Amino acid sequence: MCFERGRMLTGNIQALYHYPVKGLTAQRIDHVRLNPAQGFPFDREFGFARHDSGYDPNAYKPLPKTRFLMLMMDERLAGLESHFDTETWRLSLHVQGKPLMAADLSTQEGRQETETFFARMFDMTADEMPRFVHAAPHRFTDVSVASEALMNAVSLINTNSVKAFGKKIGQEIDPMRFRGNILFDGWPPFSELDLVGKEIRIGDARAKITLRTRRCAATEVNPKTVKRDLPLPRLLVQHYGHADMGVYAEIETGAEIEPGAPIRCEGV
């Protein structure tokens, strides 16, 4: 499956993203070091847990994504342009380029200010106020409930798959809807879905594809218009017989990677 018409699957990294705060904006990065079993650096390490999430900082356990503020249930989050500084823990929020608020989440005052902001944004009562949480080395990834290994997997999106899907439905689809860590091109559409269990090279890093990414209603939200305008999971099933777009991979040998680096399949 690593060959297409006798040629090895070879493409290139287009862009790298992490999502420090679950549910908030992607942050593009120029380069990153991937290490074995450590996940994508700073990806989903922070979040806003719902008041009844069951989150306990003294006895952490993986929680379903619905226990946090997130796009599938809270699409208005897509209207916020956010940036979280992973060193200072300073969060800034903008709407259409205009500053909305900024707070230092390393302080109790900053956390309370931000929690109050989101409670007001979603018309929550004082008893329903979300809570800013951080549980490193744990991550609030969607697949954290499956296993620790998957919690630390990186997500890859083949942009040729997204383009082919868009042509199939007659709509241009922004690949950012799928909130992946590594966007790449050069592989045939959906070829990545057949590589579960296969090893790939991401630059000089070695990884194993472990799971196809099943899509939820969060992908229905247009990241630019903040509207639910395309039922993408249903359309995937309708046209392809599955709701999968992208894959998860576990890093086996670490390396520094950057856009332009090759991504290729290692198996036969």
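Brief remarks on what is shown
- Accessible area per residue, Å², the chain with all protein chains present, probe 1.4 Å: 48
- Nearest-10 value in Å² for the accessible area of Ser161, using the 1.4 Å probe: 0
- When Phe117, Phe132 are compared by accessible area of protein heavy atoms, the largest-first order is Phe117, Phe132, using a 1.4 Å probe.
- Only protein atoms count toward the accessible area here, which uses a 1.4 Å probe; on the chain, the carbon and sulfur part of that area reaches 47 percent.
- Among the listed pairs Lys98/Lys227; Lys163/Lys208; Lys163/Lys227; Lys65/Lys198; Lys198/Lys224; Lys98/Lys163, those beyond 30 Å (Cα-Cα): Lys198/Lys224; Lys98/Lys163
- A straight Cα-to-Cα reach below 19 Å connects Lys61 with the lysines Lys22, residues fewer than 8 places away in its own chain not being considered.
- In the chain, helices alone account for a calculated mean residue ellipticity at 222 nm of -4000 deg cm²/dmol, with every DSSP H run of four or more residues adding -39,500 (n - 2.57).
- Heavy-atom accessible area with a 1.4 Å probe sorts Phe140, Phe122, largest first, into Phe122, Phe140.
- Area accessible to solvent at Ser155, 1.4 Å probe radius, in Å²: 10
- Using θ = phi - 60° and Karplus 6.51 cos²θ - 1.76 cosθ + 1.60, couplings along the stretch 56-70 (whole Hz; Gly, Pro as x): 9, x, 8, 8, 5, 9, x, 10, x, 4, 5, 7, 10, 5, 6
- Seen from Glu172, the other residues with C-beta closer than 14 Å to its C-beta sum to a net charge of +3, counting Lys and Arg as +1 and Asp and Glu as -1.
- Only protein heavy atoms count here; under a 1.4 Å probe, Glu148 has an accessible surface of about 140 Å².
- Among the listed values (i) 0.97; (ii) 1.02; (iii) 0.94, the one matching Rg/Rh (Cα atoms, Kirkwood Rh) as calculated from this structure is (i).
- With the highest mean first, a sort of the peptides 207-215, 174-182, 257-265 on other beta-carbon atoms found within 10 angstrom per residue produces 174-182, 207-215, 257-265.
- When only Cα pairs below 8 angstrom with a gap of at least 6 residues are kept, the chain shows a relative contact order of 28 percent.
The values are calculated or read from the model by the stated rules, or taken from the named source; none is laboratory data. On a predicted model such as this, the values are computed, not experimentally measured, just so you know. For neighbour counting, all protein chains shown are included, and Cβ atoms are generated from backbone atoms with ideal geometry for every residue, glycine included. Quick note on the areas: whole protein, heavy atoms, side chains included, nothing else; ligands and nucleic acids left out. Shrake-Rupley method; radii C 1.70, N 1.55, O 1.52, S 1.80 Å.
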